[in-house]
There are 2 protein chains.
Amino acid sequence: MQNTPPEQTPPCHCHGGFIAEHDHGPCVNHALERAATLCRERGVRLTPQRLRVLELVWRSSRPLQAYALLEELRVQQPTTAAPIVYRALDFLIQQGLVHRIESQNSYAACRHPDAVHDGQFLLCTHCGRAVELESRPVSEQVRAAAEGVGFEVSQQTLEVHGLCPRCQGGPQHG
Amino acid sequence: MQNTPPEQTPPCHCHGGFIAEHDHGPCVNHALERAATLCRERGVRLTPQRLRVLELVWRSSRPLQAYALLEELRVQQPTTAAPIVYRALDFLIQQGLVHRIESQNSYAACRHPDAVHDGQFLLCTHCGRAVELESRPVSEQVRAAAEGVGFEVSQQTLEVHGLCPRCQGGPQHG
DNA sequence: CATCGACTGTTATATTGTAACATATAACTC
DNA sequence: GAGTTATATGTTACAATATAACAGTCGATG
């Protein structure tokens, strides 16, 4: 587990791979600023509620479910109800800032929201962490295979279950 | 409804592609017989309930949701309750006879249950039909990409949304 | 025929997600 | 800035999806 050189790399290792623990705060802040910029550029409104949900999703080490988010929102605002969460998630998903993990009814922050891309996740069945794969070749091959049978692709989702590097070969918990 | 498949070709076009309507009955019967054989070989019990659910899933031209299945079961047995359906589906999925479509909370018959394989579906957003892709190269490439980041794959699901050949280029309904 | 394990029947409830409508806030126009 | 429109939020109620728990039944096996 070697360190990656800090120069020219994104502000944290979050941008790829199953990684060791680290101070996640700066990554979150950077992501939120980036999201704000993107929304400004797109002329859509990243309201405080939406920002708050995005922050919670980013802070979590694994995908969150809607009602877990709801509970967290209720810490500060006990009257918050389900539609608040779902509306915020709808918006964030539309903007490509959050992905929905279909097989878990959960929601994960998108690590590279700049370019629209397909949802591709590696989901560790042991520690519950999720990592975005974002393999362009896979996307392309899927598209080619679909077009090969005359299917016009608009969206694809890939969810891969298994064991992340840290959870392989031992009973220790991640 | 013959006792044994007389030749080596599959009995209908169901085995691949978005296809024209046809008499689906023989395909269903063949599939159910094949399922019975597989279960016998595996030493597991394809009970009447399970067989009934499998038949309903096969008869449907598109994936069915659990409560839709429940309604159909209730036609013959009005007291049937949700757990019946979910237990049957659990079994059928375990045996690879049915796939769950995660993005739709729905269930589709597996067209080639002989060999265990990954769930890969083309889902038409217009007519609602689903077709299994079953592209081995895609599976392999996904596995390779995952292993490339040290992830040990146990299961993968791919769901591709878009327009099937029949639903492209026109407002007519499929 | 006793017993053990698997399957089914049933009730109740948990979890996940939306409809609908009232209110509030932002953005736009004059 | 007042009026107007569109968008976002607050709130209640409920729909849709899924499971827990336990009692009863059936089937194989010794």
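Could you give me the residue pairs with C-beta distances under 9 Å whose first residue belongs to region B:23-45 and is more than 16 Å from DNA strand C (Cβ to nearest atom), whose second residue is basic (Lys, Arg) wherever it lies, and which are 6+ apart or on separate chains?
B:24/B:59; B:25/B:59; B:28/B:59; B:31/B:111
Do you know which of the residues in region B:85-101 that are within 10 Å of DNA strand D (Cβ to nearest atom), assigned to a helix (DSSP H, G or I) and buried (at least 20 other Cβ atoms within 10 Å of the Cβ) is nearest to the other protein chains (Cβ to nearest Cβ)?
B:89
Taking region A:113-135 on its own, how many of its residues are more than 10 Å from every other protein chain (Cβ to nearest Cβ), within 16 Å of residue B:158 (Cα to Cα) and open to solvent by 30 Å² or more (accessible area, probe 1.4 Å)?
Counting residues in region A:113-135 that are more than 10 Å from every other protein chain (Cβ to nearest Cβ), within 16 Å of residue B:158 (Cα to Cα) and open to solvent by 30 Å² or more (accessible area, probe 1.4 Å) gives 1.
What about residue A:107, is it of a type in the set (Ser, Thr, Tyr), modelled with pLDDT of 95 or more and under 10 Å from the mean Cα position of the chain (by Cα)?
Yes.
One line per residue, one yes/no per condition, for (1) touching a residue at least 40 places away in the same chain (Cβ under 8 Å); (2) within 13 Å of DNA strand C (Cβ to nearest atom):
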site: A:66; (1), (2): yes, yes
site: A:78; (1), (2): no, no
site: A:83; (1), (2): no, yes
site: A:87; (1), (2): no, yes
site: A:90; (1), (2): no, yes
site: A:96; (1), (2): no, no
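The values are calculated or read from the model by the stated rules, or taken from the named source; none is laboratory data. Because the structure is a prediction, the values reported are computed rather than measured. All Cβ positions, even for glycine, are placed from backbone atoms using ideal geometry, and neighbour counts span all protein chains on display. Surface areas here come from the heavy atoms of the whole protein model, side chains and all, with no ligands, DNA or RNA. Shrake-Rupley method; radii C 1.70, N 1.55, O 1.52, S 1.80 Å.
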